[in-house]
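> Take this structure first; my questions come after.
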Amino acid sequence: MEQIKERHERELVLNLGPQHPSTHGVLRLKIEVEGETVIKCTPYVGYLHRGTEKLAEGMTYLQALPLTDRLDYVSSMTNNIGYCLAVEKLFGIEAPIRAKYIRTMIAEMTRISSHLLWLGTHALDLGAMTVFLYAFREREWILDLFETLCGARLTVSYPRIGGVRNDVSQEFIDSLYEFTNIFPSKVGEYETLIDKNRIWLMRTKGVGVISAEEAINWSLSGATLRGCGVNYDIRKKHPYDAYDLVEFDVPIGLNGDVYDRYLCRMEELRQSNRIIRQCIEKLPKGAILAPDAPKFTLPPKDKVLDNMETLIHHFTLITKGPMTAPKGEVYCCTEVPKGELGFYMVSDGTGKPYRMRIRSPSFVHVSALPALCEGGMIADVIANIGTIDVVLGECDR
Amino acid sequence: MEEYVKIVTRDRLYKDEMESLMTKFLFLEIVRGMRLTLKTMFKKPVTRRYPKEKRQAKPGFRGLHALVRNPETGNAKCVGCGLCAAMCPSKCIYIYTREGDNHEKVVERYEIEVLRCVYCSLCVEACPFQAIALTETYDYAAFSKQELFYTKDRLLKNWDDFMTEEKKKRYFESFWGPKTSFFRENESQATFKGKS
């Protein structure tokens, strides 16, 4: 009898993942529960490790671009932009104004598509199944637009060092403008479905509370941080691309629970829509690749077979990378849908990066999971995984 | 706080006690949600019944590879410079060349391991001769690894099968870059044409 009692009193160790459907990939959590209360939560990562940072060391700067697509595979455009900005900072070049507007536009489209995926899956995890297809209906539109733009839907590789890969078409702009007209009403639809739903409120309000101070100590970023009442948005604090030329608000939540982070992301959807609209209206004519970019990106194709120097340049750029790479190190951070994505590049003067370190938001957010989960119920672990918006491709790199 | 900050936290969900009570007892928020879902019953479905209904890929889609056939000689345009293989991030292109009878370079084998390809189209951008293309085909799943190992003949056949006249032109116009026009302003660039 004593033995049985002892066994009952011991906490139960539970493995959540790596194949659990609501861990958004291959996240494994080792949870110790007492009854239904989580006492200890330990995340294990690395199931999707592909060695992106090491791979990039053996590649030229342009060649490493498709690798960044596969970090956060639901918002590959922003990863590309972050990488390109880091390399541009290293080389001291700047994209022309039209390219900046296009980049801002597509970055916000990615934010919308990423948040829609988050909304759909997060709601699905918490039992609101209807929102999923509603969110995917609009996401499909954006992915179709990406397809017209660059020929790929998910892993786009569209931005280039010093600009973008090809110009936007009139069809793209018209369709995107139509999207911005319709989208706010669609956000209203999602809100009708779950905003005040009593089950949704019970599952999200007061769950996974983290204070502003603690959030900063955990180095959270993005909407996860802003939901805790910290006013920090890289797009405002350190503007890159065309973010200082457009107007938008930064949504802040004060309670720091799952519901506030949800409200923040819903408002971000509207603000992103606003940014896209302004970008379309302001889109100027002009170059889409920087004039000094040919030192670093491929020279114009129509000259390659006529001009001998260009052809030599073309060959050396592809086989050896840029020959005039400066020495030094640079850190460049961008606001991606998940949070702060930073690229730390070290160059030793050869055509390949000596070291590329990626500061990925998902990795930091996963490390903060114990702080969110411990002391809560086991069912709320799922809500917490959803609310930090983690993509394991980026976490494990 | 700066003026761009927008506080989204809601202290109260409803205007007053009355509305709160009404919603609680009459399930108003659920009724509203149900009304929205009921409305969609009379709309066309947004999903596609995939194997029956196939979706046409958009122009310039990056799908299955093809080697461009030179209409004059009837052989591949590829000269075997190896730039595509050097550029490929996943190293899935294999090129073997040899010396021909008249001391020219002959591409003996040109193989692409499609399973390893990441469809970044950097090979297309690297090629100075417009000799390789990504077609608009996307459904080519196979049962064995061997079937997805494309040799030169199969790649040439892809070109004949999937690239008709207008597709060829459209493909190279939009995706073989960068071009000189990318570095300066030109009249045909797309801009916003006003609210219509």
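> Please list, ordered by chain and number, the residues whose modelled amide H lies under 5 Å from the amide H of B:ALA76; skip anything fewer than 5 residues away on the same chain.
Sorted by chain and number, the residues that satisfy this are B:ASN70.
> Let me ask something additional. What is the mean number of Cβ atoms from other protein chains located within 10 Å of the Cβ atom of each residue in peptide B:2-15, rounded to a whole number?
Per residue, the average neighbour count from other chains is 6.
> I would also like to ask the following. Checking the table A:LYS301/B:LYS58; A:LYS40/A:LYS236; A:LYS30/A:LYS186 against a 27 Å threshold on Cα-Cα, which pairs fail?
A:LYS40/A:LYS236; A:LYS30/A:LYS186
> Alpha carbon centre of segment B:65-110 versus segment A:34-93: separation in Å?
One Cα centre to the other: 34 Å.
> Taking only Cα atoms and a 10 Å spring cutoff, compute GNM fluctuations for chain A and point out the largest among A:PHE179, A:PHE136, A:PHE315.
A:PHE315
> Could you tell me the center-to-center distance, by alpha carbons, between segment A:228-274 and segment B:1-59 in angstrom?
21 Å
> Report, in debye and to the nearest 20, how large the dipole of segment A:61-309 comes out about its Cα centre when Lys and Arg carry +1 and Asp and Glu carry -1 on their Cβ.
Value, rounded to 20: 180 debye.
> Let me ask something additional. Have a look at A:VAL33, A:TYR101, A:ASN79 and report the one farthest towards the positive end of the charge dipole of segment A:8-147, computed about the Cα centre with Cβ charges (Lys/Arg +1, Asp/Glu -1).
Result: A:TYR101, furthest along the dipole toward the positive end.
> Another question, then. What order, most packed first, do the peptides A:108-117, A:34-43 have when packing is the mean number of other Cβ atoms within 10 Å of each residue?
For the peptides A:108-117, A:34-43, the packing ranking is A:108-117, A:34-43.
> Residues of segment A:383-397 with the amide nitrogen closer than 15 Å to a label point 7 Å from the Cα of A:HIS49, along Cα-to-Cβ, please.
What the label zone holds, given the 15 Å backbone N cut-off, is A:393-397.
> For A:ARG355, enumerate residues with amide H under 5 Å from its amide H, sequence gap 5+ or separate chain, H modeled in the peptide plane.
Result for A:ARG355 returns A:VAL346.
> Here's another thing I want to ask about it. If the limit is 26 Å between Cα atoms, which of B:LYS52/B:LYS152; A:LYS54/B:LYS91; A:LYS89/A:LYS285 go over it?
B:LYS52/B:LYS152
> For B:72-85, what's the mean count of beta carbons from other chains sitting within 10 Å of each residue's beta carbon?
1
> Which of A:LEU27, A:LEU71, A:LEU12 moves most in a GNM of chain A, Cα contacts under 10 Å?
A:LEU12
> Between A:ARG198 and A:LYS30, what is the FRET efficiency for a Förster distance of 30 Å, r being their Cβ-Cβ separation, to the nearest 0.05?
E(calc), rounded to 0.05, equals 0.35.
> Rounded to the nearest 0.05, what FRET efficiency do B:GLU108 and A:MET308 have when you use their Cβ-Cβ distance and R0 = 25 Å?
Between B:GLU108 and A:MET308 the formula returns 0.35.
> Quick one: if the Förster radius is 56 Å, what FRET efficiency do A:LYS40 and B:ASN75 give, using the C-beta to C-beta distance and rounding to 0.05?
0.25
> Taking chain A as a Gaussian network, where each spring joins two C-alpha atoms under 10 Å apart, which residue of A:LYS54, A:LYS196, A:LYS186 fluctuates the most?
Of the options given, A:LYS196 has the highest mean-square fluctuation.
> Which whole number gives the average, over all residues in B:118-131, of C-beta atoms from other chains lying within 10 Å of the residue C-beta?
Per residue, the number of nearby Cβ atoms from other chains is 5 on average.
> Still on this model: What is the Cα radius of gyration of the protein assembly as shown over 2.2 N^0.38 Å, N being its residue count?
Dividing the Cα Rg of the protein assembly as shown by 2.2 N^0.38 Å gives 1.04.
> Name the residue from B:LEU38, B:PHE25, B:TYR4 whose Cα lies farthest towards the positive end of the charge dipole of segment B:2-41, charges +1 on Cβ of Lys and Arg and -1 on Cβ of Asp and Glu.
The listed residue farthest towards the positive side: B:LEU38.
> For segment B:65-185, what class follows from the C-alpha gyration tensor (a ≥ b ≥ c being the square roots of its eigenvalues): rounded when a/c is under 1.5, otherwise prolate if a/b is larger than b/c, else oblate?
Cα axes put segment B:65-185 in the rounded bin.
Read-outs throughout are calculated quantities, based only on the coordinates presented, and are distinct from any laboratory measurement. Remember, predicted model here, so these are calculated numbers, not experimental data. Cβ sites come from the backbone with ideal geometry, for glycine too, and all protein chains shown count toward neighbours.
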